[in-house]
Structures are given as C-alpha cells and as structure tokens.
Amino acid sequence: MLQDLETGSSINQQGYTEFPPLRCELCQQVFASPADWVRHIQTSHTEEQLALSNNSAAHASRFRRGGRKRCQICSKTFPSHASMLIHRRTHTGEKPYVCAVCGKVFNVKSNLLRHLRTLHDRIVSPSTVE
C-alpha cells in the first residue's frame, strides 16, 4: 500500500485512492468514502445544525436572528437566498441546466453533474457548467 503524501490517503495496488473512514460529528455515523459522507451531511442535517456544531458564531447568530429567506409562493423558509431560488424552480418549472450529450434538462446543477457522471461516464468540473 502506497501513501499519498499530499492528502495522507492510501493508494492501493490498482492505483485507486483509499480514504480513511469519515465520521459525522453530529450523529457519529461512519462512512467509507468521502462521497457517502458528503451525501449524508447534505441530506441528513440542516445548515443550522452544521453551523451550531461548528461553533460558527456568524452562522449560528444568523439563524437566531431569523436571517432566513422565505419563498413568496409557499412561504417555506431557507437559510440562504441561493437555496430559496433553487426551491422556487419547483414552482416555476425552470430547468436551466441542459445535458450537452442528450438534451435532458435539470433544475439543479448537481443533478446535471450526477447525470453526466452516471449515464454518460463524464466527470465535469462544476465550474465549467453554467
């Protein structure tokens, strides 16, 4: 087993990086891959929980002050203007992200990136998608 000196991760005989297990500090669940850990954090915990667990006074105080954005259509609240805009697309039907391979459209950039990766075997940098 080789060691990547930059990241500290192990590299197996096939040349694939093996990451040390990652633990969610909020619920102590352990994940074998960074992708699984990120997916868990994004789907299982609120931004408020994450901010409070990070002892981030700026983020935590934003929630205590009620700095959330409200959807004018359904009144649901969101931690940021950007997340509210993404939500609003569920009401408007707007799908601004188009697959250059097959033409399928998406309302969220990450869904397009996942589509490209899983259906077309293409890994695209998020910064190259507009």
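Miscellaneous remarks
- Taking a Cβ cut-off of under 14 Å around Phe106, the surrounding Lys, Arg, Asp and Glu residues balance to a net charge of +4, with basic ones at +1 and acidic ones at -1.
- Local charge for Ala82 was computed over the other residues whose Cβ lies under 12 Å away, with Lys and Arg +1 and Asp and Glu -1, and equals +3.
- Local electrostatic count, Ile73, Cβ distance below 13 Å [Lys/Arg +1, Asp/Glu -1]: +4
Since every read-out is calculated from the coordinates, none of them should be taken as a lab result. Given the structure is predicted, the values throughout are model-derived calculations rather than measurements. Backbone-built Cβ (ideal geometry, glycine too); neighbour counts: all protein chains shown.
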